[in-house]
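Okay, structure first, notes after.
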Amino acid sequence: MLHRRTTGIALAGAALFAPTLARAQGASDLRMQAITASTASLNSARLGAQRAQNPMVRQFAALEAEEQMAAMEAMQLAGITMPAQVSMRDDTARMMASVQAAQGTEFDRAFLAMQKAGHEDLLRIHSQVKASGATEAERIIGTMAVPAIKSHLATIEMLMAARG
């Protein structure tokens, strides 16, 4: 069962700029927003990879989880210290509970809705980082993250439309 507090989960883009981001005004809040959104994405993706009914939704979920895990591995290889615990926002925790409670095609619908909301959050956050990151590394991360997140949003929207 997934809990509101999750160990060692973060998005590569968020954590890669974590050491310097805290120096920028408002950066600490932005960093936590990214970590919170990516935690929800990873947790729901793991669940989606196990429980999605539609094979395409299940494949998207598995790839999303794999991408998040690869990002965490890359951070560790880069010497980035991952937070021990991440608290999910209340609205995200409620959405996660709804996804967990859903069954069958309703699960797919709830999962995709959660992924869409999470990716919209990540797009907003990384767009801000791209435009005004405190360091060149932060701006590079934002620059790389934004098109990937847009691609995921397009995939999510196609999967939602295919459900009928």
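Quick rundown of the values:
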quantity: Top-ranked residue in the range 82-118 [being part of a loop (DSSP other than H, G, I, E, B) and touching a Ser or Thr at 6+ places or on another chain (Cβ under 7 Å); ranked as modelled with the lowest pLDDT]; calculated: ALA84
quantity: Complete set of residues in the range 62-81 that are modelled with pLDDT of 85 or more and farther than 20 Å from THR105 by Cβ; calculated: LEU63, ALA65, GLU66
quantity: Residue match in the range 120-134 (condition: under 14 Å from ALA45 (Cα atoms), surrounded by fewer than 20 Cβ atoms within 10 Å (Cβ to Cβ), modelled with pLDDT under 95 and not aromatic (Phe, Trp, Tyr)); calculated: no
quantity: Long-range neighbours under 6 Å by Cβ, at least six apart or interchain, first residue free of Cβ contacts under 8 Å to residues at least 24 places away in the same chain within the range 86-110, second of a type outside the set (A, V, I, L, M, F, W, C); calculated: ALA110/SER98
quantity: Top-ranked residue of the range 135-163 - restricted to ones that are β-branched (Val, Ile, Thr), at pLDDT below 75 and surrounded by fewer than 17 Cβ atoms within 10 Å (Cβ to Cβ), ranked as farthest from LEU112 (Cα to Cα); calculated: THR135
quantity: In the range 37-61, residue modelled with the highest pLDDT [restricted to those that are among the hydroxyl-bearing types (Ser, Thr, Tyr) and touching a helix residue (DSSP H, G or I) at 6+ places or on another chain (Cβ under 7 Å)]; calculated: SER44
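The values are calculated or read from the model by the stated rules, or taken from the named source; none is laboratory data. Predicted, not measured: the structure shown is a model, and the values here were computed from it. Heads up, the Cβs are rebuilt from the backbone with ideal geometry, glycines too, and the neighbour counts pull from every protein chain shown.
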